[in-house]
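The values are calculated or read from the model by the stated rules, or taken from the named source; none is laboratory data. The structure displayed is predicted, hence computed values, not measured ones. Reconstructed Cβ throughout: ideal geometry from the backbone, glycine too, with neighbour counts over all protein chains shown. SASA here: full protein model, heavy atoms, side chains in, ligands and nucleic acids out. Shrake-Rupley method; radii C 1.70, N 1.55, O 1.52, S 1.80 Å.
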Amino acid sequence: MNPKDLQKLKEELEEEKKKIEAELDSFANKNPVVKGDYQARFPSTDQTDTLDEKAHSVTGYEEERAVEQNLELRLKEIGEALKKIEAGAYGVCVKCQVQIEEKRLAAVPVARFCLSCAKIAKLV
């Protein structure tokens, strides 16, 4: 990948990272103990809430936890890709060490495997 395209990709990944962090901040708190971990905020309830309202709160919380976990995973993938870009190791398959196809990286910038290894691992 040429340096200009790599720089553009890096900027796009950094922008996506900022957006994800902002979204997480809107409904979760950063875990002070574990870097990169968030904890969805449980909605406040009081004794006057009906059982239906409490159940709705729990359901909403569980949905937010699922979103939180997916966003955390994406942040981790982006972070790993950015580290590889900085180290000059971006775009190399972690299994077979060959260069990942540029079309694949354009479609999946956080790809860790070349297409052949991804198929073997049944990731595609």
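When each of Lys83, Lys76, Lys103 is tested for being among the basic types (Lys, Arg), closer than 22 Å to Leu9 by Cβ and modelled with pLDDT under 95, the lone residue that passes is Lys103.
Considering Lys54, Lys83, which residue is surrounded by fewer than 13 Cβ atoms within 10 Å (Cβ to Cβ) and among the basic types (Lys, Arg)? Matching residue, one of Lys54, Lys83: Lys83.
Scanning the range 60-67 finds no residues that are open to solvent by 60 Å² or more (accessible area, probe 1.4 Å) and assigned to a loop (DSSP other than H, G, I, E, B).
Scanning the range 92-106 for residues being open to solvent by 70 Å² or more (accessible area, probe 1.4 Å) and in contact with a Leu (Cβ under 7 Å, 6 or more places away or on another chain) gives a total of 1. Checked against the criterion of being under 15 Å from Glu77 (Cβ atoms), surrounded by fewer than 16 Cβ atoms within 10 Å (Cβ to Cβ) and at pLDDT 95 or above, the candidates Glu23, Glu12 yield just one match: Glu12.
Here Glu77 clears all of (1) closer than 30 Å to Ser116 by Cα; (2) open to solvent by 90 Å² or more (accessible area, probe 1.4 Å) except the condition numbered (2). Quick check on Val110: is it modelled with pLDDT of 95 or more and not in a helix (DSSP H, G or I)? It is true that Val110 is modelled with pLDDT of 95 or more and not in a helix (DSSP H, G or I). Checked against (1) free of Cβ contacts under 8 Å to residues at least 12 places away in the same chain; (2) open to solvent by less than 70 Å² (accessible area, probe 1.4 Å); (3) over 30 Å from Pro3 (Cα atoms); (4) not basic (Lys, Arg), Tyr38 passes all but a single condition, namely (1).
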